[in-house]
1. Put a dot 7 Å past each Cα toward the Cβ at residue 48 and residue 74; how far apart are the dots in nm?
2. So between residue 124 and residue 24, what do we pick up on full extension, going 0.36 nm a residue minus the alpha carbon distance?
3. Across every pair of different alpha-carbon atoms, what Kirkwood hydrodynamic radius in Å does region 117-202 reach?
4. Counting each DSSP H run of 4 or more residues in the chain as -39500 (n - 2.57), what helix-only mean residue ellipticity at 222 nm follows after dividing by all residues, to the nearest 500 deg cm²/dmol?
5. Under a straight-distance cross-link criterion of Cα-Cα below 18 Å, which lysines are reachable from residue 18, leaving out those fewer than 8 residues away in the same chain?
6. Please list, in chain and number order, the residues 5+ apart from residue 127 or on another chain whose amide H is under 5 Å from its amide H, with Hs placed from the backbone.
7. Rounded, prolate or oblate: pick one for region 64-193, where a ≥ b ≥ c are the square roots of the eigenvalues of its C-alpha gyration tensor, a/c under 1.5 means rounded, and failing that, prolate if a/b is larger than b/c, else oblate.
8. Using unit Cβ charges (K, R positive; D, E negative) and no other charged atoms, how large, in debye to the nearest 20, is the dipole of the chain about its Cα centre?
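No lab work stands behind these numbers, since they all come straight from the coordinates. Quantities reported herein were computed from a predicted structural model and do not represent experimental measurements. Here Cβ is always computed from backbone atoms with ideal geometry, including for glycine, and neighbour counts include all displayed protein chains.
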Amino acid sequence: MRIVLLGAPGAGKGTVAKQLTAFDGSVQISTGDLLRAAVKAGTPLGRQAQAYMERGDLVPDRLIMGMVEQRFQEHPGEGFILDGFPRTIPQAVSLGLLLKGLDLPLHLVVNLAVPEEVILDRLTTRRTCSNPGCNAIYNVKSNPPAPDGTCRACGCSVIQREDETPAAIARRLEVYRQQTNPLVGHYQRTGLLLTVEELDTAAIVKTIAGALATQVA
Ligand code: AP5
């Protein structure tokens, strides 16, 4: 499957992507995870991206496109779930050209529509594995880490992300409304958009699987 997951910060893109990868071995490509790994490793990309991320602003399109193109070159597999990308209309246009060149058309664009009060609650209670090779996502209310505060998958420490301050969360939501939400209209025009309003992860995955079965058949 080749899917784009759209949705506000905290809508559950990463959580749903991880469950979808179990279906057919499609890979999750999370630009947020790739950027956080670059920041942690201190690469030139990470050094350029860090200040934007800490403020809750988007990293410039040219840096994101370079990173995504490199990711596709290194792992040219056919199935992918794009989590957090594209995030702007120029990124969506560049993605369209990139996939056309690779002859890998998208099957579905899923918009996770989650009320803002739920999002704020989820973002303040999220915990994330500190190991960039794992990136497991937890929630102190709905999906807690191990009792000793470590990751249940790899045993590493579980942390709160640096962009989870109240100021950065407010800025991320504002940036989402201004720059990313217009992608819903953009993809509606392609006929590929599925808006999902369920809040339960299992129900969301079931809805997406049903839509994919129709789309891929
Ligand atoms: P990124 O990492 O993509 O962050 P985001 O879009 O803000 O999304 P989140 O990771 O915060 O949330 P999510 O939707 O994945 O939700 P999750 O599954 O974790 O980007 C971070 C930064 O990097 C950006 O601000 C920007 O600076 C930069 N960046 C990244 N991509 C970029 C791009 N393309 N262009 C430019 N800049 C870019 O779930 C949230 C919480 O809710 C968790 O605790 C989870 O356990 C819980 N939860 C999830 N689903 C449910 C459910 N159904 N029921 C109960 N709890 C749930």
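1. Going from the residue 74 label point to the residue 48 one covers 1.6 nm.
2. Values: separation 100, 0.36 × 100 = 36.00 nm, distance 3.21 nm.
So the extension gain works out to 32.8 nm.
3. After inverting the mean inverse Cα-Cα distance, the result is 15.1 Å.
4. Values: 9 runs with 106 residues, N = 217.
Rounded to the nearest 500, the figure is -15000 deg cm²/dmol.
5. In chain and number order, the partners are 206.
6. HN-HN under 5 Å from residue 127: 138, 139, 140.
7. On the way: a/c = 2.25, a/b = 1.45, b/c = 1.55.
Verdict is oblate for region 64-193.
8. Numbers: 22 positive and 21 negative charges, 43 e Å.
So the dipole magnitude of the chain works out to roughly 200 debye.
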